Amino acid sequence: MENQKLILVIGGTGAQGSSVVKALSESGRYSVRILIRDSSSIHATELAALPNVTLFQGSQDNQKDLHAAFTGVYGAYVNLNGFSIG
């Protein structure tokens, strides 16, 4: 993981986000950090089992969580569900 670029994924357990996480993980070129509200959910634990994937407990609507989640990242994939966050 030393030479891999770190990518933050927000919305990683959704239909589109989970496909992005899987593709980044399978590439071997990136390590993936997923900002996740519930790290014990089925989708989260399945994704955490992939190589080069870690979970970061937090919320996309909390500024401190976002600052911490973005620390050290090379890039980000963000896909929010506007219906669920209002």
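Derivation of every value follows stated rules applied to the coordinates shown; laboratory data play no part. Bear in mind the structure is a predicted one, so any value in this text is a computation, not a measurement. Methodologically, a virtual Cβ is constructed for each residue, glycine included, from the backbone with ideal geometry; neighbour enumeration extends over all protein chains shown.
Under 5 Å between amide hydrogens, built in the peptide plane, is the criterion, and for residue 77 it picks out 8, 9, 10 among residues at least 5 positions away or on other chains.
Rounded to the nearest 500, the helix-only mean residue ellipticity at 222 nm of the chain stands at -10000 deg cm²/dmol, with each DSSP H run of n ≥ 4 adding -39,500 (n - 2.57). When the chain is treated as a GNM with alpha-carbon contacts under 10 Å, the residue of 13, 45, 54 showing the greatest mean-square fluctuation is 45. Net charge of the neighbourhood of residue 55, taken over other residues with C-beta under 13 Å away and scored Lys/Arg +1, Asp/Glu -1, is -1.
Relative contact order of the chain, taken over Cα pairs closer than 8 Å and 6 or more residues apart, is 36 percent. Under 5 Å between amide hydrogens, built in the peptide plane, is the criterion, and for residue 55 it picks out 34 among residues at least 5 positions away or on other chains. Of the residues 67, 43, the one with the fewest other Cβ atoms within 10 Å heads the list, and the complete ranking is 67, 43. Of 20, 9, the sequence from fewest to most neighbouring Cβ atoms within 10 angstrom is 20, 9. Rounded to the nearest 10 degrees, the inclination of helix 15-27 to the longest alpha-carbon principal axis of the chain is 20 degrees. What is the sum of charges, Lys and Arg at +1 and Asp and Glu at -1, for the other residues whose Cβ falls under 15 Å from the Cβ of residue 46? That works out to -1.
Cβ under 12 Å from residue 37's Cβ, residue 37 left aside: what net charge do those residues give with Lys, Arg +1 and Asp, Glu -1? Once all neighbours under 12 Å are counted, the net charge is -3. For Rg/Rh (Cα atoms, Kirkwood Rh), the candidate list reads [x] 1.11; [y] 0.94; [z] 1.05; the entry that matches the value derived from this model is [y].
Approximating the spin labels as points 7 Å out from Cα along Cα→Cβ, the residue 41-to-residue 57 distance works out to 1.5 nm.
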